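Have a look at the structure below, then the notes.
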Amino acid sequence: MLNLWDCGGQDSFVESYLTSQRSNVFGAVAVMIFVFDISSKDGGADMDSFAANVRALHEFSPHSRIFVLVHKMDLLPTDQKLQTYQQRTADVKAICADEGFQSHPIISATSIWDQSVYRAWTNVIYHLVPNAATIEAMLQKLAALLNARELILYERATCLVVTHITRGSEGSNPYADRFERISSILKTHKHSMAKHSGLMAAEVTFAELQIKTGGFMFFITRLTENTNLAVVMPSDESSFNGARVNIQLARREFAHLDSVEQVDASS
Ligand SMILES: Nc1nc2c(ncn2[C@@H]2O[C@H](COP(=O)(O)OP(=O)(O)OP(=O)(O)O)[C@@H](O)[C@H]2O)c(=O)[nH]1
Ligand SMILES: [Mg+2]
């Protein structure tokens, strides 16, 4: 159960979060995602605002985690991107440390014009999924049993990557953004199904998607209540069929990990 509050960034709104709504906005928070507009003319004021938010968060949810998006990177000239990002990263870390946060902020450079926003959100989702490390260890075993080249775990509602297991030669796959690209394809597919069925995109689900080529075979299917699993196999029909059956059998091993308990600030 994820409760997401999208808080507008206009000064008057921010002022009220920090004052009259302070305990309401900053209480019982698991993660805060702070988005910097890197093209903003007043970087100093943005940092001050960040510091004020971090202070309020520390006061009401000291065990929460801070994610920072250094956003609209596409608007910076290429030769300034790295330096600007590094400077912002250093400032953000210094503020979080000053305000007493023990855990480091997780900072990403993002733009809506590439796959970076998906990747940044994946970090957030990974942090919020209960038992992620245990699930990963089990997937590692499953990948070896199936002789899969890659397993990719997606959160079902958002189609975002939670984690992946990459084996053998797949480690040198040159398409580093393939997980995010699949997210994007699945989302587009959901919207297309929603359009043709008259349902809301959030209500649309699919049973299985298969892609078979001479070089590899791929399928994606439900693993648990909240996750889909994508499997990349060598191009071999019988291993492919065996893997599909084995994933069905593996579901019950994963079922108890898909905990419905609330992930709150203290867990
Ligand atoms: N160039 C560029 N423009 C972006 C990017 N992300 C958002 N924008 C543009 O920025 C404008 C504001 O985007 P919103 O998503 O409304 O921003 P917001 O943070 O929700 O704004 P508030 O809710 O008012 O705080 C829109 O015109 C977007 O198209 C980006 O990565 N690059
Ligand atoms: Mg907004």
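Which of the residues spanning the stretch 31-51 are away from ligand 1 (no atom under 15 Å from the Cβ) and within 18 Å of the chain's Cα centre (by Cα)? Within the stretch 31-51, VAL31 is the sole residue that qualifies.
Within the stretch 1-42, if we keep just the residues that are buried (at least 16 other Cβ atoms within 10 Å of the Cβ) and away from ligand 2 (no atom under 16 Å from the Cβ), the residue that is nearest to LEU69 (Cα to Cα) turns out to be ILE38.
The number of residues in the stretch 1-30 being within 17 Å of ARG55 (Cα to Cα) and away from ligand 1 (no atom under 13 Å from the Cβ) comes to 15. Taking the condition open to solvent by 30 Å² or more (accessible area, probe 1.4 Å) and not assigned by TED's automatic domain parsing to the domain that holds HIS63, does ALA144 pass? For ALA144, the condition - open to solvent by 30 Å² or more (accessible area, probe 1.4 Å) and not assigned by TED's automatic domain parsing to the domain that holds HIS63 - is met. For the stretch 101-136, a residue qualifies if it is open to solvent by less than 60 Å² (accessible area, probe 1.4 Å) and either of a type in the set (A, V, I, L, M) or within 16 Å of ligand 2 (Cβ to nearest atom) (or both), and the qualifying residues are ILE106, ILE107, ALA109, THR110, VAL117, ALA120, VAL124, ILE125, LEU128, VAL129, ALA132, ILE135. Evaluate the following for THR110: is it more than 29 Å from ARG55 (Cα to Cα) and within 20 Å of the chain's Cα centre (by Cα)? No, not satisfied. In the condition set (1) exposed (fewer than 14 other Cβ atoms within 10 Å of the Cβ); (2) more than 16 Å from ligand 1 (Cβ to nearest atom), GLN80 is compliant with all but (2). Only one entry of TYR154, TYR175 meets the criterion of being among the aromatic types (Phe, Trp, Tyr) and open to solvent by 60 Å² or more (accessible area, probe 1.4 Å), and that entry is TYR175.
The values are calculated or read from the model by the stated rules, or taken from the named source; none is laboratory data. None of these values were measured; they are calculated from a predicted model. All Cβ positions, glycine included, derive from the backbone under ideal geometry; neighbour counts span all protein chains shown. To get the accessible areas, we keep the full protein, side chains included, count just its heavy atoms, and leave off ligands, DNA and RNA. Shrake-Rupley method; radii C 1.70, N 1.55, O 1.52, S 1.80 Å.
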